Amino acid sequence: MAEFPAKVRTQTSTPAGAHGPLPALRSLALDLGFLRSCLGLLMIVELVLGLLVWALIASTFYQPIPAYGWVLFVAIFFWLVTVILFVMYLLQLQMKLYMIPWPVVLVIFNAAATVLYVTAFITCSAAVQSLFRLPGDYNKRAAASFFACVVMIAYGASTFFSFQAWKGFGSNAATSQVTN
């Protein structure tokens with residue numbers, strides 16, 4: 001019994017919140033390489049121009065023309081999802097959710113955005129009409145139509161590059177593997 005205190009070692013611990021935020025949030029880091037990649041640059045273009053599309057339409061008196069409801073839905077929906085994906089890739093959160101096939105998700109998302117922006121562009125272009133009461137609305141709607149076309153092209157390019165990333169074109173097998 002005399003040896004008992006010599007063999008016992010005590011160690012104190014601190015609660016999880018004493019060192020700062022949760023351990024998962026402490027490991028977040030900005031991926032500046034993503035900002036310089038083709039997909040990152042295209043996402044920035046999609047965010048800026050998609051915002052322009054729905055802001056230009058929302059600033060007009062669009063309620064009497066039902067076609068603009070569809071254009072606003074497409075523009076706002078894909079803008080919000082693109083913001084979420086951009087933040088996820090910027091903070092490397094997709095690495096934490098490794099069970100989701102993110103390259104496939106990006107291909108499907110970008111392809112769906114391209115197809116639906118084609119319909120939004122056609123709808124927006126067909127609905128542009130000159131009303132004598134509000135001549136400024138004509139210019140905003142025409143600009144929104146132009147930017148919808150440019151965003152559609154950007155999503156098409158993102159589809160192409162995300163498909164290449166998914167299939168691993170331009171890289172060898174060793175560099176395309178994710179390490180844990």
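Couple of notes before you dig in:
- Of everything in segment 32-75 that is surrounded by fewer than 16 Cβ atoms within 10 Å (Cβ to Cβ) and of a type in the set (Gly, Ala, Ser), the residue that is nearest to the chain's Cα centre (by Cα) is 37.
- Matching residues, segment 78-115, being more than 16 Å from residue 45 (Cα to Cα), outside any loop (DSSP other than H, G, I, E, B), open to solvent by 40 Å² or more (accessible area, probe 1.4 Å) and not aliphatic (A, V, I, L, M): 103
- Single match in 18, 29, 2 (criterion: among the small types (Gly, Ala, Ser), in a helix (DSSP H, G or I) and either modelled with pLDDT under 95 or open to solvent by 60 Å² or more (accessible area, probe 1.4 Å) (or both)): 18
- Members of segment 123-160 found to be at pLDDT 95 or above and among the β-branched types (Val, Ile, Thr), listed by number: 150, 151, 153, 159
The values are calculated or read from the model by the stated rules, or taken from the named source; none is laboratory data. Here the structure is a predicted model, which means the values were calculated and not measured. Heads up, the Cβs are rebuilt from the backbone with ideal geometry, glycines too, and the neighbour counts pull from every protein chain shown. Keep in mind that these areas ignore ligands, DNA and RNA; they rest on the heavy atoms of the full protein, side chains included. Shrake-Rupley method; radii C 1.70, N 1.55, O 1.52, S 1.80 Å.
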